[in-house]
Amino acid sequence: MIGWWAGIDLFYVHMIKLDGNQLLYKDLFFFLKWILLLSGTLAIWAAYNYFRFRKVERRMALAAVTNQELSTFFGIETIALNKQQLAKYICVRFDEKGTITEINN
């Protein structure tokens, strides 16, 4: 009774009598083939990156920027830059080209 309720009789008919297991094996082989293909591609890509970048250190810190370089880049005076760095809040306005037009402390 429990087997009938759980559908074991339908499983037996479709998988054993009607050879549904062959289709199941075919589908499992299809999925396995694609999983192996995709994982193989990923493994080849990982090996390529490993051998290409194994002796290259890419995680280097950026060089520190001085206040003189900042003031030259943004076109402001060094004294004004020092005041702005010490301020708690500042409001900066830019034009369309990205040039600083106004600074309010």
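At-a-glance table
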quantity: Estimated [θ] at 222 nm from DSSP helical runs (n ≥ 4, -39500 (n - 2.57)) normalised by residues in the chain, nearest 500; calculated: -18000 deg cm²/dmol
quantity: Kyte-Doolittle mean at least -0.5 and Cα axial length at least 15 Å: DSSP H helices in the chain; calculated: 20-53
quantity: Low-density loop positions, trypsin sites (Lys or Arg not before Pro), the range 42-79 - DSSP coil, at most 11 other Cβ in 10 Å; calculated: Arg54, Lys55, Arg58, Arg59
quantity: Accessible area expressed per residue, the chain, with surrounding protein chains retained (probe 1.4 Å, Å²); calculated: 96 Å²
quantity: For the chain: relative contact order, % (alpha-carbon pairs under 8 angstrom, 6 or more apart); calculated: 11 percent
quantity: Positive-end residue, the range 5-75 charge dipole about Cα centroid, Cβ charges, pick of Trp34, Thr66, His14; calculated: Thr66
quantity: Which labelled figure in [x] 0.94; [y] 2.64; [z] 1.42 is Cα Rg over 2.2 N^0.38 Å, once derived from the coordinates; calculated: [y]
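The values are calculated or read from the model by the stated rules, or taken from the named source; none is laboratory data. None of these values were measured; they are calculated from a predicted model. Here Cβ is always computed from backbone atoms with ideal geometry, including for glycine, and neighbour counts include all displayed protein chains. The protein model used for the area step is the full one, side chains on, heavy atoms only, and it has no ligands, DNA or RNA in it. Shrake-Rupley method; radii C 1.70, N 1.55, O 1.52, S 1.80 Å.
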